[in-house]
Each structure stands twice: as C-alpha cells, then as structure tokens.
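These notes are about the structure you will find just below.
Bear in mind these aren't lab numbers, they're just calculated from the coordinates by the rules spelled out. Fair warning: this is a prediction, and the values are worked out from it, not measured in the lab. With ideal geometry, Cβ positions are generated from the backbone for all residues, glycine too; neighbour counts draw on all protein chains shown.
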Amino acid sequence: MDTIIALDSVTKTFRDGHKLVTAVENISLEITRGEFFVFLGPSGSGKSTILRIMSGLEKSYHGTVRLASEVDRNDISFVFQQFALWPWLTVYDNIGIGLVARHAPASLVRERVGRELDRFGLAKFARSFPRELSGGMRQRVGIARALATDPKIIFMDEAFSELDSFTAAALRRDILKIWSQTKPTIIMVSHLIPEAIELADRIAVLTVHPGRLEKIVRNTLLRPRAKRSKEFFALEDHLYSLVSP
Amino acid sequence: MAAHRHRVTIYPTKIHLVATFFVMLLPFVFLIVFAGIAHLAVGTLFLELVASVSRLAVAYGIAVVLAWVGAISFYRGKLASVALPVFDVLQSFPTFAALPIATHLWGRSDTTVILFLIITVIWPIFFSILSNVRLMKHDWEESAEIVGLKGFDYLRLFVLPVSIPGLITGSIIGLGEGWEALVATEIIVRTNTGLGNFFQQYAQNTPITSFGILGLMVLIFSINKLIWIPLLDWSHRLLEE
C-alpha cells in the first residue's frame, strides 16, 4: 500500500490541574497517498488532537508518526477552523505567505497566488484585508493559502464549522473539485456525519474520553454522492451507531 | 514580501492632516511669543529645547530596540518564567537613587542623562510589547509554524506586526515618564544645556517657569496629536480581525 502517513500507538495525555487527562489513546492507522480521510467524532474524542499531532503542531505525545520518505514539512498545509488569517496582511499576502517563507521567486509567488485568487473568485479582493471579508471568503483565503504551496498533505480542522450551511456546502464542492483534479492527500476532522460521507474515502470513527479509534469505515458510495439516496442514509445510520453506541 | 503592503492611513481626511499641521506649529509659535514676553533670545531657548529633545530621542531609540529584543526573547519558554520576575523587580528599582553615583562615574554628561532616560523609558515599552505578544492568537502562531516562517522572516513578517500595538502603547506611556525624568535628570545632573538647565536658571522666576512648563505641555500635546494618537489608532486597526 502507498502509505503517505502512518500513526503507530499514538497516545496523548495532558495535565488538567492535578489530574492527567488522556486525549487520545493508542491510535494506529495508515493513510494512503491521494486519499480523502476524515476523522469523525463528537467533542472530546480527540480528533483535533490527532490532526495536530499528525501535522507536527503538537510535539509532545507517545507513539510514532511516520511520513513517507519523500514528504517533508514543506509539503504539509493546514486549514484552520477559525481561518487563522493574519489581519495585517492583505488577501494576496496571506495567500502567498507560505511561498515567501520558502523563499520562492517573486514570479512564482505571483503565478501561484494569481492561480488561487482566480480559483476561489478572490481576485477582486486581493488588496482587501481579512476584516473586510465575510466568513466564507475568509475561509476561501485560508484554503487558498493552504493550496498555494502545492502541498502533498492538507490537514483540515473542522474547516467548515464556522460557516453557514450554504457557504459550507459551496466550499465542500470547491474542495472536492480541487481534490479530484490534483489529488493531494486530505486529512480532515469533522463532527458532522453527512459532511464526512460526502467527502471521505475512509472515515475513522472516534469514541470519547479518551479518544479511541472505534472503527475505520470505507466509503464506497459513488461520487458525486447523492445526499438523499438510500445508501447515503444507510451509511449515515451505520456511522451514527458507531459514534454513539 | 509580495506586491501589497499594509496601507498606512494615519490621517483619515485632509482636514485632519491640515489641523494636525497647525497643531505641529503651536510649539514654535509659543516659543517665539514666550521668548518675546520673557525677553529671552529665541535661538538660546530653541537650543535648550533641541538639546533636551535630542537626549530623549536617543534614549527612546535605544530603549525601543532593547525592549523589543528583550520582550521577543522572553515572551515564552522556560527562561521567561525565571527572567520575568527579575525584570519586574528591576523596573521597580528607584533609579534616581543611583543618579549621584552615575554622575560621579560619567560626570555631568549626556551619557548620564541618556542612560537614566533609557532606564525610565524602557520598562513600559518592554512590558507592553511583552503582554501584546503573549496574548497573540495561538492560531496565528500555529499558522506561522505551518507556513514555515523561520529566523529573520519570522521576526519581520510575523513578530514585528504583532508587537506593534504594544510598542506604540508602551512608547506613549514610556515617553510620558521620559519627559518627566528628562527635566528632573537634567536638573540633578546639572547639565549645561537643556530644559533642566533652563528651569534651574529661572527657578526664582515664577512667571517664566510657569510659561516654560506650559510650553513643554504644548510641545508634548503636539507630538501626541501629530504622531502617537494616529499611530495608536493605526496599530489597533492593524490587528483588527
């Protein structure tokens, strides 16, 4: 199997006052190159913690995280739940910051940022600041920033949960289109079962307190997925029974 | 950085700019009128003012660099937990108590005055920047890590913008204390030039001393109106989400 990232017995505990709390316990799994993988679970299941461990943001944990040999830190991007745009930079500069950090030539920065501005319909807002944009537009900038470096792995931490349902649906369509065209590996966290079914190739269901891997469910529904189909509802019921046994 | 830098809109309208320009002229008008009333040479008075302002400007410049480097070095990590209480004690140190020793060591010189001004001005700037960067959004730091900003780029493109509101706020407080310390230090050190020297010279002349204090207040007001208040507004907009 063409594994791009693998977790082996990953456990994360943290101190809450005087007691030790286990956020995630003994998580082992492998994610394949080009896969759309979703961690699904309720609050307290440690899904964001796993994402932070995999992306390198969380450095203190037990167990191992292995990246494929050709993947390094520069091949990783992250889409934050609350956008995490820098308010002192314009939309253009926010999108290009990853390339600037990699000391990409100015021509490449212009080309890539221009590509992302066009792709997300942001060209008119290139000189705007994040505070001048709606939530949906801000997250478009957040996703554009993540894509501008052409990453091999994109982590998405409940990237649509701060948006209204219409904007979230539109952004999910955009993400699926980009994913199907360029096939980066996308590893996402969600607490919404329909969202996970719509997007994922495989869904890792996590239980709460501590977060344990209950089951990995392969999603074989054909794309584009019909949300009102019998199969969609059946998978939704199955996942629901796993999340709340 | 790429094509579009942050726009600095300090003066929202032309009227604002013109009004500020007139405020800037106020100290000079005051200086001429005051010199006429007190029968003093405008040039002498102006040189006293320049000497004092130069000392404060040099001290402020050095204090800003030291405060910024210190705050950025100690805003997190294990070293911070040890260093910050030490800095807290140091800022409470009664600096004027050491002024006679400093004067003995360095004489009645600019060095002594500037050194004491640095010690006075630095702490509000240091602690203001420190609290600013410590309270920065965790998401911003994580996104800086994810995009791979390191070294000088990290300082220039990330830490510097985040620290600007603290720098401006600290500067306003620090310079407020600096003006106070400036005149006092110049009087104690007994410099041959500067506002301290002027106030010392006319200590027995209440009208001239009162007008001098009023003039100093006009100057401080003008600098605040011209520079600090617009910069404060701008710095708050800088981090507005």
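Overview of values
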read-out	value
The protein assembly as shown - share of DSSP beta bridges that are antiparallel (%, nearest 5)	50 percent
Likely footprinting exposure, A:ASP2, B:ASP153, A:ASP157, fewest C-beta neighbours within 10 Å first	A:ASP2, B:ASP153, A:ASP157
Euclidean distance of C-alpha centroids, the range A:1-46 and the range A:83-143, integer Å	30 Å
Under Karplus coefficients 6.51, -1.76 and 1.60, residue-wise ³J(HN,Hα) of the range A:27-35 in Hz, glycine/proline x	8, 10, 6, 10, 10, 8, 4, x, 7
Descending semi-axes in Å of the protein assembly as shown, equivalent ellipsoid built from Cα gyration tensor	59, 26, 17
Percent RCO, i.e. relative contact order, over chain B, from Cα pairs under 8 Å lying at least 6 residues apart	30 percent
Segment B:LYS150-B:ASN205, extension gain: residue separation times 0.36 nm, minus the distance between their alpha carbons	13.8 nm
Span-like helix ranges in chain B, DSSP H, alpha carbon extent 18 angstrom or more, Kyte mean at least 1.6	B:14-38, B:42-74, B:110-134, B:206-223
Of A:LYS227/B:LYS137; A:LYS59/A:LYS177; A:LYS124/A:LYS227; A:LYS152/B:LYS78; A:LYS47/A:LYS227, those spanning more than 30 Å from alpha-carbon to alpha-carbon	A:LYS227/B:LYS137; A:LYS59/A:LYS177; A:LYS124/A:LYS227; A:LYS152/B:LYS78
Whole-angstrom gap from the range B:97-149 to the range A:179-245, using each part's C-alpha centre	52 Å
Cα-based shape type of the range B:1-136, given that a ≥ b ≥ c are square roots of the gyration tensor eigenvalues and the cut on a/c is 1.5	oblate
Relative contact order of the range A:142-245, pairs being alpha-carbon contacts under 8 Å that are 6 or more residues apart, as %	22 percent
For B:PHE158, B:PHE116, B:PHE46, B:PHE30, order by how many other beta-carbon atoms lie within 10 Å, fewest first	B:PHE46, B:PHE30, B:PHE158, B:PHE116
Cubic angstrom per residue, convex hull over Cα atoms of chain B	150 Å³
Antiparallel bridges, percent of DSSP beta bridges restricted to the range A:137-245 (to nearest 5)	55 percent
Over the range A:1-94, relative contact order from alpha-carbon pairs under 8 Å, at least 6 apart, %	31 percent
Reach of B:LYS14 by Cα under 17 Å, taken over lysines that are not fewer than 8 positions away in the same chain	B:LYS225
Convex hull of the range A:23-162 built on C-alpha atoms - directionally averaged projected area, nm²	9.4 nm²
Convex hull volume per residue in cubic angstrom - Cα atoms of the range B:7-73	118 Å³
Order of A:TRP179, A:TRP86 - criterion: other Cβ atoms within 10 Å of each residue's Cβ, fewest first	A:TRP179, A:TRP86
